[in-house]
Amino acid sequence: MNKKSVIILWVIAIALGISVAILSSKKSDSGKANTARARGETLLASFPGANVSKLVISSATNTVTMDKNGNDWTIAERENYPAKITNINALIRAIGEVKINNAIEAGPSYAKRFGVDVEAKVAEQHGRLIEMSDASGKNIASIVIGKESESGGLFIRNMADETGIYVTNEPFPTATAEAKDWLDDEFIKVEKITSVGISPAGKPEETEWKLTRSDENAEFTLDGLKAGETINATNTSAIKSLLGYARFQDVISKSKLEAHQKAADLRKLTISTKDGFTYTVMLSAKPNVAPPSALANAQESSAPPEDAYFMTVAVTADIKKERQKEKEEKPEDAKVKDDAHAAAVKKLEEKLATEKAYEGQLYEVSKYLIDAVLKPRSEFITQAPVVGETPPAGLNPGRIEATTPPISVDGTGIGQ
C-alpha cells in the first residue's frame, strides 16, 4: 500500500470518528437512549388507573396492602380498617402521569446501584415497590421508587421494562409502606362541651374531678370546690375544645381490647355536650415495648416510655326531636322554626351514626390529645390566702429588720 492510500484511509477513519461523535452528541442532547421510554414521555406507555383494585407498597422492612371494595378502600394489615381514599387516588393519578426526566441504559443487574432492587435486604438498595392489580388479580403495573439522583429527582423503574432505569422529578412523598400512614384518621368531633369528668388511674368506677358549665360559652366550675379554693381558668380553658379536632395515630388489633380494659392504669373519661351527646372514653397508657436484646443498651432494662395512649370510645345521644314552641308563636314563624329544627335533628342523627362507627375499636392517640384531662384535681384550683393567718415563727411581714455588724465601744466612742 502506497503512502497516498494510507493517507486516504486515515482521512476516512477520522471522518467516520467525527461523524460518530457528532451523532452521539446529538443523541445525548436530545435525551434519547436505547430505552423503551425517553425523556418527556410518561413512565408507563398506558395505565388504566381506574381499574386498580389492589395496591401493595413494600419496602425492605414493611408492606401495606390496600383493597378496593365498591367505592371504599381498606387496609389488610389493620384488620380492613378504612383507608384514606384521597391519598390513594392521588398516588394512582401520580403514577399514571409521572414523566421521565432522564433515561439511563441499564438492565436489572444495575438495579441495586439505583436503589430499585426489590430483592435487596437493605432499605437504601431496595426502594419502594408499588404493585397494582385489577379486580381479577391481574397485574396492571409494578414500579419501584429508588434513590435520589445526584442531578436531582428520583430513580424509578418499571418492572416490566428491562431496557433502562429512569429519573423523574415526581417526589412521591406519601408513597410509604407504613400501614398507619394510609389510615382514614377521621375521628369523633366533640362540640359544645358542658361537662367533663375523669376517674383516678386504675379506678374507672370513681370520679377524681368533674368540671361543669351552663353552656358552651360559659366558664367551667369545679364540683366540690371548697372554701378558699378558686378555679384555675388557665388549666380549664384547654378543656373547652377537648377532642374537638381529634385525630388518632394508629389502629390497634381488636385482640388487645381485653388487655386494655384490664389495664392497671385504666381511666374513664366522660364528656357531655349541649346537644345531648355523651362520650365515654376509656384510656390506658400505651405499654412500653422493649427492643430486641441485640439492639438494647446493656445499661437499660427497658425502652423509654412513649407519649401515647390507647383509647376506646362509646357514644350516646339524647336528641330532642320535638321543638318546644314559644307562646303566641305565629304559624308562619312556627313553620320556619320547625324546618330549621328538623334539619338540625337530622344533622345530629347523622353525626351520631358516624361516631358510633368508632365503637368497639382500639385506637392509639398522642398523649398531647388528652393531656389536658390527665392533670390532677389540684391543678384546676388556686388556693386563696387565708385572712388573718399567723405567719410562721420568726417572721413578721409587717416589720423590716436590718442586721448590722457588732460594734465595740471604747473611751473615744469609735468602733474598733
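Just so it is clear, none of the values below were taken in a lab; they were calculated from the coordinates. Small disclaimer: the values here were computed from a predicted structure and weren't measured. Cβ sites come from the backbone with ideal geometry, for glycine too, and all protein chains shown count toward neighbours.
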Can you list the equivalent-ellipsoid semi-axes of segment 49-182, largest first and in whole Å, using the square root of 5 times each Cα gyration tensor eigenvalue? 25, 15, 13
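Take each of the peptides 328-337, 261-270, 74-83, 217-226, average the number of other beta-carbon atoms within 10 Å over its residues, and list them starting from the highest.
74-83, 261-270, 217-226, 328-337
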Rounded, prolate or oblate (a/c below 1.5 giving rounded, otherwise prolate when a/b exceeds b/c) for segment 139-197 by Cα gyration tensor: prolate
Net lengthening on full extension, I104/T42 (0.36 nm per residue, minus Cα-Cα): 20.8 nm
In nm, what is the difference between 0.36 nm times the number of residues separating R377 and E148 and their Cα-Cα distance? 77.1 nm
The simple spin-label model distance between N217 and K274, using points 7 Å out along Cα→Cβ, in nm, is 0.7
Taking 7 Å along the Cα-to-C-beta vector as the label spot, tell me the E206-N69 distance in nanometres, rounded to one decimal. 4.3
Sorted by chain and number, the residues with a modelled amide H under 5 Å from that of F277, at a separation of 5 or more or across chains, are D318
Label-to-label distance, nm, for residues given as E350 and A50 (7 Å Cα→Cβ offset): 2.8
Which whole-Hz couplings ³J(HN,Hα) result when phi for each residue of segment 60-66 is put into the Karplus expression 6.51 cos²θ - 1.76 cosθ + 1.60, θ = phi - 60°, listed in order with x for Gly and Pro? 5, 10, 10, 9, 10, 10, 10
